[in-house]
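> Got a structure for you, questions after.
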Amino acid sequence: MSKNYFEVIRPGINSTFQDLGRKNLYHIGIPFSGAMDKRNYLLANAIAGNKGNSAIIEFAYQGPILKFKGEKVNFTITGDVNFKITKKNKEVDGCCYQNYKLEEGDILDIISTNRSVYGYLAISGNFDIQLQWNSYSTNIKAQIGSNNGKKLEKNQQIKILDTHSHESKKKLEYLNNKIENIRVIKGTNYNYFSEDSKKFFFTKEFTVSKLSDRMGMRLEGIKIENIVDTNIKSEGIIKGVIQVPTDGNPIIMLSDHGTIGGYPKIGVVISSDYDKLVQIPPGSKIKFKEIKLSDAEMLFKLYEMETANLISKIK
Amino acid sequence: MIKNISNLGDAALYCDFGTVVNKEINTEVIKYFKNIKEKNINGIDNITPSYNKLIISFDLSVTNFESLKKKIENIEIKNFENKKGNVIKIPICCDKEFALDIKRLESKLNISEEKILEKFFSKEYYCYMTGFIAGHPFLGDTDKSLRAKRLETPRVRIPKGSVGLTEQFCNIYTFESPGGWNIIGNTPVNIFNKSKEEKPNLIGPGDTVIFKQISKTEYENHNE
């Protein structure tokens, strides 16, 4: 193991280790977890020059302040993030999608995400953390995964297992584009809702509530009226499912969601729009657009091609 | 038998076994769950059995709805012999400190606390599914005289280990969690143990649970 490590001076609001998540555990109640914005996770690792799917640090709104101890390490930040690096005699404002080098005593201050929620910090190498059920992803609710299932805490150390001296000038020209409409496939209980509500759901704006986190995004706006039953027999759910509880305010299930739910499902966000959905900050407006399964499948192919194309453009 | 397979979004199959909730239909769901799991079909990320549904979510970059649907429709389903569920004994303390909603149940059901506990402890319970939070079992069926609705306003925090009732079901909260079930007691047993990677959940679908009432002293002296 290397002698390199970070000291956590400020942990940030919700900073956790994440990778691509864990599979095959829904039946015992363990959600997928993993990086909320998969594309930015993949780009962070690619620019940092990591071959496999290394664990990264995901942060929300305000990120951590980390003091580097050791010889050197390269890192990359992705998303739409303000950060700066304080070296012995100078301060550098950081740019996302670019590699930087940290040396003994340097301080990385991840100040905030801009008009978005999540950002990612990858090092060129690997953190010294433990796999649980084949994933490094942390689920704080069930206290599963890296860092004993906890968020980063003040004064803790983050040990670095190995680093590689990666070409430190690698970068990518990329702007996270904002999304106008979130595309949705009708849910299995679509007909539980009144004609007016169904129409409103696909035409009116909703506001993202402050009560949103890695488990779910709560929405406020026109109340969705249920005309059949506000409860269903509990059944499995997946990320992207939009449930409507008794109060009529929709909730979108996100990566750390409960695996079973008993509220009717009005719709499901399509896979290609998920990364953009999770980046919509509280207070923002959101609008849903109905889409067919075949179109959603085609859009997912495009999404994957775009991601591959971006990775190939890293120089 | 699966009555119908539809899509839940663009990356999951929604397999419907009917609308009724009973052990027979649930056993059928679990049989499909085990058979599909055993086949390790490429692209499947998760299979979630519940009372009468089976949700199969998949990786859209590997497979898609139509092709996976065909595979599931043509899958060979065999019976697993000698694979009856386990019988698990769970001690519960119903001291007033833990029985948060026993008074509510007395008034809603119009029977005494003694009668509620007597009816509750005289039955064995079948585990329909686990989920919602890690390891959390959905058990049933409770005696007809014990069936009450959820709390009008759910609790923000239900203590870990709480045992709750609603409709014909009972459950055990494996972690502190929000929830609306009527709490009648608490178990000192750890129902979910993350250090046991192979089998972290004590109770799984198809298992039988027998509850045993214990005193406050026994609760406090419980050692695993």
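> Under 10 Å, Cα contacts only: if you run a Gaussian network model on chain A, which one of A:Asn249, A:Asn177, A:Asn45 comes out with the highest mean-square fluctuation?
Fluctuation is largest for A:Asn177.
> Mind checking B:42-49 for the average number of partner chain beta-carbons within 10 Å of each residue's beta-carbon?
Averaged over the peptide's residues, the number is 5.
> For the stretch A:181-311, what are Rg and Dmax over the alpha carbons, in angstrom?
14.4, 48
> Take every Cα pair under 8 Å in the stretch B:4-73 that's 6+ residues apart, average their separations, divide by the length, and report that relative contact order as a whole percent.
37 percent
> Work through the residues other than A:Ile107 whose Cβ is under 13 Å from its Cβ and net out their charges, Lys, Arg +1 and Asp, Glu -1.
+1
> With θ set to phi - 60°, apply the Karplus curve 6.51 cos²θ - 1.76 cosθ + 1.60 along the stretch B:202-219 and write out the HN-Hα couplings as whole Hz, x wherever there is a Gly or Pro.
Running phi through 6.51 cos²θ - 1.76 cosθ + 1.60 with θ = phi - 60° gives 5, 10, x, x, x, 6, 10, 10, 10, 8, 10, 7, 10, 7, 4, 5, 4, 4 Hz.
> On a 0 to 90 degree scale, rounded to 10, what angle separates helix A:293-312 from the longest Cα axis of chain A?
Helix A:293-312 sits roughly 10 degrees off the main axis of chain A.
> Helix-derived [θ] at 222 nm for chain B: sum -39500 (n - 2.57) over DSSP H runs of at least 4, divide by residue count, nearest 500?
Calculated at 222 nm, the ellipticity per residue is -6000 deg cm²/dmol.
> Another question, if that's okay. Viscosity 1.002 mPa s, temperature 20 °C: what is the translational diffusion coefficient of chain A from Stokes-Einstein with a Kirkwood Rh over Cα pairs, rounded to a whole number of µm²/s?
105 µm²/s
> Here is a follow-up. So which GluC sites (Glu not before Pro) in the stretch A:175-220 pass both tests, a DSSP loop state and at most 14 other Cβ atoms within 10 Å of the Cβ?
A:Glu180
> Can I ask one more? Quick one: Karplus J couplings for the stretch A:47-59, per residue in order, coefficients 6.51, -1.76, 1.60, θ = phi - 60°, nearest Hz, x for Gly and Pro?
Working through the residues one at a time gives 5, 6, x, 7, 6, x, 9, 5, 6, 10, 9, 9, 10 Hz.
> Further question: Amide H of A:Ser112: which non-local residues (sequence gap of 5 or more, or other chain) have their own amide H closer than 5 Å, using H built in the peptide plane?
Residues meeting the criterion, in which the H sits 1.01 Å from N, are A:Gly63, A:Asn82.
> If you don't mind, there's one more thing I want to ask. So in the protein assembly as shown, what percent of DSSP beta bridges are antiparallel if you round to the nearest 5?
90 percent
> Take peptide B:55-64, look around each residue's Cβ out to 10 angstrom, count Cβ atoms belonging to other protein chains, and average those counts.
Mean inter-chain Cβ contacts per residue within 10 Å come to 4.
> Moving on. Just to be sure I understand the rule: take each whole DSSP H helix in chain B, project its Cα atoms onto its long axis, keep it if the span is 20 Å or more and its mean Kyte-Doolittle hydropathy is at least -1.0. Which ones pass?
Span-like helices, by this rule, are B:23-38.
> Quick one: among A:Tyr192, A:Tyr100, A:Tyr136, which has the greatest mean-square fluctuation in a GNM of chain A with alpha-carbon springs under 10 angstrom?
A:Tyr192
> Longest span of chain B, sites excluded, free of trypsin sites (Lys or Arg not before Pro) in DSSP loop with at most 14 other C-beta atoms within 10 Å?
In short, B:97-148.
> If you don't mind, another one. Only bridges whose two residues both fall in chain B count here: according to DSSP, what percent of them are antiparallel, nearest 5?
Taking every DSSP beta bridge within chain B, about 85 percent pair in antiparallel fashion.
> State, as an integer percentage, the relative contact order of chain A based on alpha-carbon contacts under 8 Å between residues 6 or more apart.
20 percent
> Starting at the first residue of the stretch B:181-191, write each ³J(HN,Hα) from the Karplus equation 6.51 cos²θ - 1.76 cosθ + 1.60 with θ = phi - 60°, in whole Hz, x for Gly and Pro.
7, 7, 8, 10, x, 8, 9, x, 7, 7, 7
> When N is the residue count of the stretch B:1-105, what does its C-alpha Rg come to as a fraction of 2.2 N^0.38 Å?
Dividing the Cα Rg of the stretch B:1-105 by 2.2 N^0.38 Å gives 1.40.
> So which of A:Lys198/B:Lys53; A:Lys141/B:Lys212; B:Lys34/B:Lys71; A:Lys3/A:Lys87; A:Lys265/B:Lys69 end up more than 23 Å apart, counting from Cα to Cα?
A:Lys198/B:Lys53; A:Lys141/B:Lys212, as the Cα separations exceed 23 Å there.
Every number here is computed from the coordinates shown, using simple stated rules; none is lab data. Computed from a prediction, not measured in an experiment: that's the story for all the values here. Cβ coordinates were reconstructed from backbone atoms using ideal geometry, including for glycine residues, and neighbour counts include every protein chain displayed.
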